[in-house]
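Working notes for the structure below.
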Amino acid sequence: MIIVVCYLIFHVKVNEMLNSFKRLPRSFYLRPTITVAKDLLGKFLVRKLGRKYLVGKIVEVEAYLHNDPASHSFRGKTKRNEVMFSEGGHLYVYFTYGMHFCCNVVTEEEDKGCAVLIRAVEPVENIEVMQHRRKIDISKNQFNLTNGPAKLCQAFDLGREENGTDLCGEKIWIGDAIRLTSHISSPISNRDIISTPRVGITNPSEHKWRFYIKGNGWVSRKNN
DNA sequence: CGACCGATTGACT
DNA sequence: GTCAATCGGTCGG
């Protein structure tokens, strides 16, 4: 009897979580990359890890377009970047600097090679799990948990195994909040989106394809 | 095959 | 502010 009740409570809890962050449909990703990039601000990255769901609000992104010299896809499909050429709505995770991972959302139709880099999220659910996964002491700076592309990948346990994951599936997805709680802000209005050149791109005529939520503490490199 | 370097981070002067 | 860590991708010989 007790076991049945516990199971039912657990079942309801899980469904609450799933319903709270409703998956974006495939059609969301099959749109122009800059549009998707801006619309991803304020959305919620959900990552199933064991029985828990890690959740973070996306606060900073960068767009990597078709025929973009700064994009990994610029020189065509390789084993490394092949996921970028899949249909929009898949996760492209790449390894860099010999020790870090960064994650992107593939956009537009198959073979376009477009994606949006997720540069920072604001922790929302199961923050203690993120803290455990990050090796660093964040007691003096809470933002250090997820205020960078490789930091959030470490916090959310995103690596080689997650490369190619379908965001319309059960393991990792991006959603809209259905039930808003006190620490979740309203949808992002256009005047609260700041555009700057992308970080670490050395092209002198770099476009302003980095977008972040104005005033959000988890945005990386605020001196930019 | 060797040299160079990167959509970064953390430690340190 | 500077800089090492660390390794796979890319490019030239």
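Exactly one residue out of A:Y53, A:Y64, A:Y29 is in contact with a Cys (Cβ under 7 Å, 6 or more places away or on another chain) and buried (at least 16 other Cβ atoms within 10 Å of the Cβ), and it is A:Y64.
Count of the range A:46-94 residues, restricted to those that are within 11 Å of DNA strand C (Cβ to nearest atom) and under 19 Å from A:R198 (Cα atoms), is 7.
Among the residues of the range A:142-173, the ones that are more than 22 Å from A:V199 (Cβ to Cβ) and not charged (D, E, K, R) come to 7 in all. Residues in the range A:145-161 that are away from DNA strand C (no atom under 16 Å from the Cβ) and either closer than 20 Å to A:E62 by Cβ or of a type in the set (A, V, I, L, M) (or both): A:L145, A:T146, A:L152, A:A155, A:F156, A:L158.
Note on the range A:95-119: among residues that are over 9 Å from the mean Cα position of the chain (by Cα) and of a type in the set (A, V, I, L, M), the one that is nearest to DNA strand C (Cβ to nearest atom) is A:M99. Within the range A:87-139, the set of residues being within 28 Å of A:A177 (Cβ to Cβ) and among the small types (G, A, S) comprises A:G88, A:G89, A:A115, A:A120.
Of the strands (runs of 3 or more DSSP E) lying entirely inside the range A:83-152, the ones with 3 or more residues being within 9 Å of DNA strand B (Cβ to nearest atom) and touching a helix residue (DSSP H, G or I) at 6+ places or on another chain (Cβ under 6 Å) are found at A:100-107, A:114-125.
The condition (being more than 16 Å from DNA strand C (Cβ to nearest atom), under 19 Å from A:I34 (Cα atoms), of a type outside the set (F, W, Y) and surrounded by 19 or more Cβ atoms within 10 Å (Cβ to Cβ)) is satisfied by just one residue among A:R191, A:R210: A:R210. Residues in the range A:120-132 that are closer than 20 Å to A:F21 by Cβ and under 18 Å from the mean Cα position of the chain (by Cα): A:A120, A:V121, A:E122, A:P123, A:V124, A:E125, A:N126, A:I127, A:V129, A:M130. Filtered by the rule that a residue be within 20 Å of A:F143 (Cα to Cα), more than 11 Å from DNA strand B (Cβ to nearest atom) and part of a strand (DSSP E or B), the range A:192-224 gives A:I193, A:I194, A:F211, A:Y212, A:I213.
Values quoted throughout were computed directly from the atomic coordinates according to the rules given, and no laboratory measurement underlies them. The model shown is predicted, which means the values in this text are computed figures rather than measured ones. Please note: Cβ atoms are built from the backbone with ideal geometry, for glycine as well, and neighbour counts cover all protein chains shown.
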